[in-house]
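K.L.:
Dropping a structure here in structure tokens format, bear with me for questions.
None of the figures in this text is laboratory data; all of them are computed from the coordinates on show. All of these numbers come straight from a predicted model, not from anything done at the bench. Please note: Cβ atoms are built from the backbone with ideal geometry, for glycine as well, and neighbour counts cover all protein chains shown.
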Amino acid sequence: MKVRVLFFGATAEAVGKREIEFSLAENTNASEARTEILEAFPNLKKYFGKSLLFAINQEYASGDEIINNGDELAIFTAVSGG
């Protein structure tokens with residue numbers, strides 16, 4: 001199945017793109033998708049490790065959510081104000 005992955009801020013710089021189409025197996029959950037994306041783009045892992053946030057269709061993902069064909073995934077760093 002195909003999903004759209006959006007990268008914001010520093011993650012877009014690390015990947016070199018703001019948006020990609022990504023293939024996942026059916027019944028992939030959010031945690032598995034995150035792992036696959038980090039493997040495909042090692043700079044994300046190198047620079048950010050586990051501090052990345054992950055969302056599915058504009059909702060924060062805890063990891064257990066099942067991803068569906070056509071979903072929009074987002075990967076971004078935590079933002080702090082001041």
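K.L.:
In segment 18-47, which residues are exposed (fewer than 15 other Cβ atoms within 10 Å of the Cβ) and either farther than 19 Å from N57 by Cα or among the β-branched types (V, I, T) (or both)?
P.N.:
T35, E39, A40, P42, N43, K46, Y47
K.L.:
Exactly one of these conditions fails for V79: (1) within 12 Å of the chain's Cα centre (by Cα); (2) in contact (Cβ under 8 Å) with a residue 40 or more places away in the chain. Give me its number.
P.N.:
All conditions are met except number (1).
K.L.:
Right, here's the next one. Kindly list, by first and then second residue, each pair from a residue in segment 1-27 that is small (G, A, S) to a residue that is assigned to a strand (DSSP E or B) and exposed (fewer than 15 other Cβ atoms within 10 Å of the Cβ), limited to pairs with Cβ atoms under 9 Å and residues at least 6 apart or on different chains.
P.N.:
Within 9 Å, the pairs are A12/E19; S23/K2.
K.L.:
How about segment 35-50: which of its residues are closer than 20 Å to E72 by Cα and not aliphatic (A, V, I, L, M)?
P.N.:
Correct list: T35, E36, E39, F41.
K.L.:
Which of (1) on the phi < 0 side of the Ramachandran plot; (2) not in a helix (DSSP H, G or I) does E32 not meet, given it meets every other one?
P.N.:
So E32 meets the others, but not (2).
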